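Asker: Have a look at this one before I ask anything.
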Amino acid sequence: MPSVTAAESEAPALSPRRRALLEAALHVVAEEGLRGLTHRAVDRRAGLPEGTCSAYFRTREALQTGLTAYVAAQCGQDVRDLADQLAALGTDEPGLPERVVTTVVEAFESWLDEGELILARIELSMEGSRNPALAAVLAEYRDRLVAVVDATLASRGKRHDGRTAEALVAASDGLLVAALQKPPAERRPFLSESLRLILHALTEA
């Protein structure tokens, strides 16, 4: 199974204080949406003195941009992990198509445990439809995931003109959101069954 070969820059190292602020901002957005993202709300959530967040992110726009980069980096690491797992499967092993499907499904199931990260990404993606700068940051993560899916399809000799991979990523994103809207006990079964329906159609057609 080929890995994605495009060069990928790692996110710059964050100081403990900046990381704590961004983690707090992520929780605020996941719970209250972007409307709730203020310097004061982040300070309260982080348990830090008022004015701390504004010292690191002078404006609300800077805070949004910093959070978007942080979320994209977190999601990007998940995608790199998935790419490594797929690359380790080899190319000629018996039962490879089913192993590919299982690996992808298990990765997406694990992402359900990062519900707040997913919700924050969705909120920021919606804002990105009005803010090209935020959209550009998130596009790096999405393009990486599309590349992983495209490489997976290519390794199976399937049609992989980019549009198929992009459609699959969009569908999978929707399934993640739909799963999070279900009661906790129903989320994994719903996501697993739905993803398998889509992936089997692509890997066995």
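Asker: So which of Gly115, Gly76, Gly90 ends up being touching a helix residue (DSSP H, G or I) at 6+ places or on another chain (Cβ under 9 Å) and at positive phi?
Answerer: Gly90
Asker: On the given criteria, is Val177 of a type in the set (Val, Ile, Thr) and more than 23 Å from Gly90 (Cβ to Cβ)?
Answerer: Yes, satisfied.
Asker: Taking the conditions exactly as written (buried (at least 17 other Cβ atoms within 10 Å of the Cβ) and without any contact (Cβ under 8 Å) to a residue 40 or more places away in the chain), does Ala120 satisfy them or not? Even if it seems obvious, please write down each step before you answer.
Answerer: Numbers: buried (at least 17 other Cβ atoms within 10 Å of the Cβ): yes; without any contact (Cβ under 8 Å) to a residue 40 or more places away in the chain: no.
When the stated conditions are applied, Ala120 does not pass them.
Asker: Are any of the residues in the range 191-203 within 30 Å of Leu67 (Cβ to Cβ), loosely packed, with under 13 Cβ neighbours inside 10 Å and within 17 Å of the chain's Cα centre (by Cα)?
Answerer: no
Asker: Restricting to the range 18-56, and then to whatever is charged (D, E, K, R) and out of contact with any helix residue (DSSP H, G or I) (no Cβ under 7 Å at 6 or more places or on another chain), can you tell me which residue is surrounded by the most Cβ atoms within 10 Å (Cβ to Cβ)?
Answerer: Glu23
Asker: For Arg144, indicate whether it is at pLDDT 85 or above and either part of a helix (DSSP H, G or I) or more than 18 Å from Ala107 (Cβ to Cβ) (or both).
Answerer: Spelling it out, it is not the case that Arg144 is at pLDDT 85 or above and either part of a helix (DSSP H, G or I) or more than 18 Å from Ala107 (Cβ to Cβ) (or both).
Asker: Search the range 148-190 for residues being at pLDDT 80 or above and part of a loop (DSSP other than H, G, I, E, B), and hand back the single one that is surrounded by the fewest Cβ atoms within 10 Å (Cβ to Cβ).
Answerer: Checked the range 148-190; the qualifying residue surrounded by the fewest Cβ atoms within 10 Å (Cβ to Cβ) is Pro183.
Asker: Of the numbered conditions (1) more than 19 Å from the chain's Cα centre (by Cα); (2) at pLDDT 85 or above, Trp111 satisfies every one except a single condition; which is it?
Answerer: (1)
Asker: Which of the following residues is crowded, with 18+ Cβ neighbours inside 10 Å, under 27 Å from Arg18 (Cβ atoms) and polar (S, T, N, Q): Thr68, Thr59?
Answerer: Result: Thr68 is the single residue among Thr68, Thr59 that is crowded, with 18+ Cβ neighbours inside 10 Å, under 27 Å from Arg18 (Cβ atoms) and polar (S, T, N, Q).
Asker: Considering the range 52-82 alone, what residues qualify as being over 26 Å from Glu140 (Cβ atoms) and touching a residue at least 12 places away in the same chain (Cβ under 8 Å)?
Answerer: Hits for the range 52-82 are Thr52, Ser54.
Conditions (1) of a type outside the set (Asp, Glu); (2) assigned to a helix (DSSP H, G or I); (3) over 20 Å from the mean Cα position of the chain (by Cα); (4) within 17 Å of Ala135 (Cα to Cα), marked per residue:
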{"residue": "Glu23", "(1), (2), (3), (4)": "no, yes, no, no"}
{"residue": "His27", "(1), (2), (3), (4)": "yes, yes, no, no"}
{"residue": "Ala30", "(1), (2), (3), (4)": "yes, yes, no, no"}
{"residue": "Glu50", "(1), (2), (3), (4)": "no, no, yes, no"}
{"residue": "Leu63", "(1), (2), (3), (4)": "yes, yes, no, yes"}
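Asker: State all residues of the range 71-105 that are charged (D, E, K, R) and either surrounded by 14 or more Cβ atoms within 10 Å (Cβ to Cβ) or not assigned by TED's automatic domain parsing to the domain that holds Leu134 (or both); if no residue qualifies, say none.
Answerer: Of everything in the range 71-105, those that are charged (D, E, K, R) and either surrounded by 14 or more Cβ atoms within 10 Å (Cβ to Cβ) or not assigned by TED's automatic domain parsing to the domain that holds Leu134 (or both) turn out to be Asp78, Arg80, Glu98, Arg99.
The values are calculated or read from the model by the stated rules, or taken from the named source; none is laboratory data. It should be emphasised that the depicted structure is a prediction, and the values quoted were computed from it without experimental measurement. Every residue, glycine among them, receives a Cβ derived from its backbone with ideal geometry; neighbour counts consider all protein chains shown.
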